[in-house]
Structure formats: structure tokens, C-alpha cells
Amino acid sequence: PPYEALAGQMKIAHCVKVMPAPHLAHPDVPLLQLGVYLARFDYFLPEIRFKGNAYGAGIQHNDSFGTLCLYSFSDPAIVETLAVFDRLRDHVATRQWNQMDIDRAIIGSARDAERPIRPSEATGTALIRHIRGDTDVLRETRYRAMLRADPVSVKETMLRTIDANEARAAVCVVSSREKLEEANKRLGDRRLTISDI
């Protein structure tokens, strides 16, 4: 998979690591969404944003494209951010989530899926759901699975997804050539292939 960088006139970096993940009809999706929610606030926010001083960072599961995306933006610390991306599995494996954590993730995740649809949005939402094949039955099935989630099943789902797909993860960093070359000196055998924008 690509491990590349794009050089441009920038003082900061934007980093991304993308790997395959379950599509919206897969039974792991509801539990994966909960794990992603927890990782976003328990891991990416403190490690990349607070400690690394990036303006933003996170993790997102796109069930339409079947991808798991780890990202940062306006980020001064390329090497450290890529290391955080690579340690996601270790973080999940060592986390001792309890049912209160899972319930917090359910509340935070379900509010987007179950929010009221305003009349002006109804047609667009119906069209997107139709194109995606996201039927009422699928949405109800995912919602019920989410409500039954427990810490063990969420952790197992996250680990299974990462283990099955991390070897196929692509990495791209956009920054200045100087910052990218400096990062490459520290990355060793995981050097980024740099191209000009």
C-alpha cells in the first residue's frame, strides 16, 4: 500500500491513514462505530490534539465506502502522529472500557442516526439512503445491535477490523518538503515517498 507524501508550500502537515473496513450491511458496523467513537475521544483527541498540538485529529468509519480513516490536520508533528496511528491497535487492546463508556458511545453515535429529518432534507436523505441501499430494516438492525453492545464485543470488533485490514492501510502526508525530509530522517525504513504537488 502507498506510504507517500505530497510536498507543497505549508508550515504544518495533514496526515491520513486509510484502511478497508466493513460496509454498511456488515453486522460488525454498529459495534465498530461505537469503538471508533470511543477511540476518537479517548485516544486521538488527547494524543494528537492535546499532546501533539494539532488543530484537529480523529478517526472515522465510512460505511458507504467501507473505509476506516485516521487523520490529523494543521499538525506540527508528522512522525509522532504516524506513530499514534500505528498504535491504535495497542490502545484498543489495552483499554478497559466499561458499560458506562459503551452507553456514552451509544448516546453520542445514535443521535446522528436517529435525529429528526426536516422537510427540506427529506428528499435528499431518502435519495442517499436509496443509493446506498440503506433500508429501514438495515438501519433498525444496526440500531438494535448498537443498543445490545457491551465492552467485550466492541473491543473484539475493533481489534478484528484492525487486524484484518491494517496491512492494507495507505498513508499520505501533505506538508512542506523540508518537514517531510526531516520526518523521513526519523522514520527509518518507513520513509515516505515524496512527490511535489
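I'd like to check one number: the per residue accessible area of the stretch 148-197, probe 1.4 Å, reported in Å² as a whole number.
58 Å²
Quick one, what does Rg over Rh come out to for the chain if you take C-alpha atoms and the Kirkwood Rh? List each step's numbers first, then the result.
Working: Rg = 18.2 Å, Rh = 18.0 Å.
So for the chain, dividing Rg by the Kirkwood Rh gives 1.01.
List the residues, sorted by chain then number, that are 5 or more residues from L6 or on another chain and whose placed amide H is less than 5 Å from its amide H.
V173, V174, S175, S195
Just to make sure I understand: if all protein chains stay in place, what is the order of S176, S120, S64 by accessible area at 1.4 Å, largest first?
My answer, sorted largest first, is S120, S64, S176.
Taking 0.36 nm per residue of separation and subtracting the Cα-Cα distance, what length does fully extending N53 through D163 add?
36.7 nm
In whole angstrom, how far apart do the alpha carbon centroids of the stretch 124-149 and the stretch 171-197 sit?
Their Cα centres are 40 Å away from one another.
Give, in nm to one decimal, the length gained when the segment between A83 and D196 is fully stretched (0.36 nm per residue of separation minus the Cα-Cα distance).
Gain on extension, A83 to D196, equals 38.3 nm.
How high is the relative contact order of the stretch 80-180? Use alpha-carbon pairs under 8 Å, at least six apart in sequence, and give a whole percent. Write down the numbers at each step before the final one.
Numbers: 22 pairs, mean separation 53.3, N = 101.
Relative contact order for the stretch 80-180 comes out at 53 percent.
Give, in nm to one decimal, the length gained when the segment between V152 and F41 is fully stretched (0.36 nm per residue of separation minus the Cα-Cα distance).
Length gained, V152 through F41: 38.1 nm.
How large a share of the accessible area of the chain, in percent, is made up of carbon and sulfur atoms when the probe is 1.4 Å and the other protein chains stay in place?
On the way: 5960 of 10800 Å².
Accessible surface attributable to carbon and sulfur in the chain totals 55 percent.
Under the rule that an exposed site lies in a DSSP loop and has at most 15 other Cβ atoms within 10 Å, name the longest stretch of the chain with no chymotrypsin sites (Phe, Trp or Tyr not before Pro) of that kind, not counting the sites themselves.
In the chain, the maximal stretch lacking such sites is 66-197.
The values are calculated or read from the model by the stated rules, or taken from the named source; none is laboratory data. Just so you know, these numbers come straight off a predicted model, no measurement behind them. With ideal geometry, Cβ positions are generated from the backbone for all residues, glycine too; neighbour counts draw on all protein chains shown. All accessible areas refer to the heavy atoms of the entire protein, side chains included, with ligands and DNA or RNA removed. Shrake-Rupley method; radii C 1.70, N 1.55, O 1.52, S 1.80 Å.
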